[in-house]
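Trainee: First the structure, then my questions, so here it is.
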Amino acid sequence: MTVRLTRMDPAGADRDALVAFLTTEDFPFHVRRSIGVADAQRAIDEGAWRDDEHDTFWLDADDHGRVGLVRLEDLADPVPLFDLRIAGAHRGRGLAVRALRATTDHVFRTFDAADRFEGQTREDNTAMRRTFLRAGWVKEAHYRAGWPVEGGPPLASVGYGMLRADWESGTTTPVPWDDEPVSA
Ligand SMILES: CC(C)(COP(=O)(O)OP(=O)(O)OC[C@H]1O[C@@H](n2cnc3c(N)ncnc32)[C@H](O)[C@@H]1OP(=O)(O)O)[C@@H](O)C(=O)NCCC(=O)NCCS
């Protein structure tokens, strides 16, 4: 099954569909689990889904149609980030791994200055953490108490990365965790 990226026009032709997606789906591991219509519209108007720093794509899958979206962030920076959201009805079918691979291909083919691509998720987002590893990404950071949780204590934010060099060569360069300097 192939997942393709279709560029979105968030403030134009795709506005209503984007608002509907954001306000009817549940995102239990995001800082904001649910989004109201007014907030969704305001964010679109402020360029959160497309401006100099952001661009957003529908995820279209063979046999399943439109299954979610991915937003690229920090595009003015040499290290872009992303936010991936699969619609609830399509979760658990292996689509996220294909979507992340397609997104990684798009970023490295489109942005010559990007030598790495990053993503973060909450420590208990098992599906996203499995997605990173299955797509060949490497865990690079574990920020304890780094993810605010409404009505509860903060959880850890876990960071993963993909190097352009690894993407090009199909290899995986591990993080040198045992490099702490020793005192003389
Ligand atoms: C996280 C998310 C993108 C994963 O998408 P998905 O299409 O459901 O994931 P897949 O079916 O491709 O599964 C990926 C891996 O997660 C595992 N997985 C899927 N759902 C799971 C669940 N509810 N609990 C535990 N593991 C799960 C799968 O078994 C697979 O791992 P495996 O290959 O080791 O078996 C999707 O659940 C989602 O959009 N959630 C809401 C938004 C979100 O949290 N986005 C992440 C922000 S970066």
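The values are calculated or read from the model by the stated rules, or taken from the named source; none is laboratory data. Since the model is a prediction, treat every value here as computed from it, not as a measurement. Glycine also receives a Cβ, built like all others from the backbone with ideal geometry; neighbour counts cover every protein chain displayed. Quick note on the areas: whole protein, heavy atoms, side chains included, nothing else; ligands and nucleic acids left out. Shrake-Rupley method; radii C 1.70, N 1.55, O 1.52, S 1.80 Å.
Trainee: Which whole-Hz ³J(HN,Hα) couplings does segment 121-135 yield from phi under the Karplus relation 6.51 cos²θ - 1.76 cosθ + 1.60, θ = phi - 60°, glycine and proline marked x?
Mentor: Per residue, the Karplus-derived 3J(HN,Hα) values read 8, 6, 4, 8, 8, 4, 4, 6, 5, 5, 4, 4, 5, 5, 8 Hz.
Trainee: Enter the accessible area per residue of the chain (Å², integer; probe 1.4 Å; all protein chains in place).
Mentor: 55 Å²
Trainee: Also: Okay, helix-only estimate at 222 nm for the chain: each DSSP H run of n ≥ 4 adds -39500 (n - 2.57), divide by all residues, round to 500 deg cm²/dmol; what do you get? Can you show the working numbers first?
Mentor: Values: 5 runs with 50 residues, N = 184.
Theoretical 222 nm ellipticity from helices: -8000 deg cm²/dmol.
Trainee: If you average the C-alpha positions of segment 1-58 and of segment 86-117 separately, how far apart do those two centres end up, in angstrom?
Mentor: 16 Å
Trainee: Looking at the chain as a GNM with Cα springs under 10 Å, which of 33, 116, 98 has the largest mean-square fluctuation?
Mentor: 33
Trainee: Taking each pair of distinct Cα atoms in the chain once, what is the resulting Kirkwood hydrodynamic radius in Å? Working shown, then result.
Mentor: Details: mean 1/r = 0.0573 Å⁻¹.
Evaluated on the chain, it is 17.5 Å.
Trainee: Here's another thing I want to ask about it. Quick one: what are the phi-derived ³J(HN,Hα) couplings along segment 152-160, Karplus 6.51/-1.76/1.60 with θ = phi - 60°, whole Hz, x for glycine and proline?
Mentor: Per-residue couplings from phi come out as x, x, x, 10, 7, 9, 10, x, 10 Hz.
Trainee: Quick one: pull the percent of accessible area on the chain belonging to carbon and sulfur, 1.4 Å probe, ligands and nucleic acids left out.
Mentor: 50 percent
Trainee: Now for a separate question. In the chain, if the dipole is taken from +1 on Lys/Arg beta carbons and -1 on Asp/Glu beta carbons about the Cα centre, which of 95, 80, 5 is farthest to the positive end?
Mentor: Comparing the listed Cα positions along the dipole, 95 ranks first.
Trainee: Further question on the same structure: Which values, in whole Å and largest first, are the semi-axes of the equivalent ellipsoid of segment 87-184 obtained as the square root of 5 times each eigenvalue of the Cα gyration tensor? Write down the numbers at each step before the final one.
Mentor: On the way: eigenvalues 113, 107, 27 Å².
Working from the Cα gyration tensor, I get semi-axes of 24, 23, 12 Å.
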